[in-house]
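In what follows, a single structure is set out as structure tokens and then discussed.
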Amino acid sequence: MNLISDRIYLRLLKESDAQIFLNATQDQEIRYMTGTKCSFTLEQIHKHISNIKKDTSRYDFAVCLNGTNQMIGELSIFDIDEENRKAGFRISMAATGLTGKGFGSEATRLVLKFVFKELRLNRLQLEVFSHNLRAIRAYEKAGFIREGVLREALFYDDVYSDEIIMSIIESDYMK
């Protein structure tokens, strides 16, 4: 299954993506933006990918460039609750040099179309830390609305950050 736009496409995550996934978890800025504190091994990443491929309550995609097929990020639609028609969402680029170029926004637009048109969900929710201003702006531009704040939920490098809860519902998307 591939979701395709002008510059990128999304394909299901494969175990061969593990090294790129691992490299992203070692990038200090990405770790800070995502609030990642623990370290991972290549073996743990392989096992994680193997486990999520068996999980029917989620879709995990690699974000790839058209033409070169280079994986530049990954994203997940997870905790899919078909009864209540909702799911969680997260996205991360594979390197900070790829941020600010609109790839994440383009991937998010592909996901929203998939979530609301194909999966026929009504709600997609995410959490983002208050220090990740670039991501907050991108989510708002995509139509996500701030719903709440978990004050000082992350303590990272001796500083507290709020965790902002955002969502988009089908009627927001259709506007």
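The values are calculated or read from the model by the stated rules, or taken from the named source; none is laboratory data. This one's a predicted model, so the numbers in the text were calculated from it and none came from an experiment. Here Cβ is always computed from backbone atoms with ideal geometry, including for glycine, and neighbour counts include all displayed protein chains.
Side notes on the structure shown:
- Taken over segment 8-18, the residue count meeting the criterion of being in contact (Cβ under 8 Å) with a residue 24 or more places away in the chain, surrounded by fewer than 19 Cβ atoms within 10 Å (Cβ to Cβ) and in a helix (DSSP H, G or I) is 1.
- When restricted to residues that are in a helix (DSSP H, G or I) and surrounded by 11 or more Cβ atoms within 10 Å (Cβ to Cβ), segment 30-48 contains 11.
- Of all the listed residues (GLY148, GLY143, GLY97), the sole one being over 19 Å from THR25 (Cβ atoms) and free of Cβ contacts under 8 Å to residues at least 24 places away in the same chain is GLY148.
- Test: residue in segment 102-111 that is within 23 Å of VAL63 (Cα to Cα) and among the basic types (Lys, Arg): yes
- Conditions (1) among the small types (Gly, Ala, Ser); (2) over 26 Å from GLU147 (Cβ atoms); (3) surrounded by 18 or more Cβ atoms within 10 Å (Cβ to Cβ); (4) at pLDDT below 95: number failed by GLY73: (2)
- All conditions but one from (1) more than 14 Å from the chain's Cα centre (by Cα); (2) among the charged types (D, E, K, R); (3) within 16 Å of SER16 (Cβ to Cβ) apply to GLU74; the one that does not is (1).
- Yes/no for LYS54 being farther than 21 Å from THR25 by Cα, free of Cβ contacts under 8 Å to residues at least 24 places away in the same chain and surrounded by fewer than 17 Cβ atoms within 10 Å (Cβ to Cβ): yes
- Exactly one residue out of LYS117, LYS175, LYS86 is farther than 29 Å from ASP17 by Cα and of a type in the set (Lys, Arg): that is LYS175.
- The set of residues from segment 67-82 being without any contact (Cβ under 8 Å) to a residue 24 or more places away in the chain and either farther than 24 Å from SER171 by Cα or assigned to a helix (DSSP H, G or I) (or both) comprises GLY67, THR68, ASN69, GLN70.
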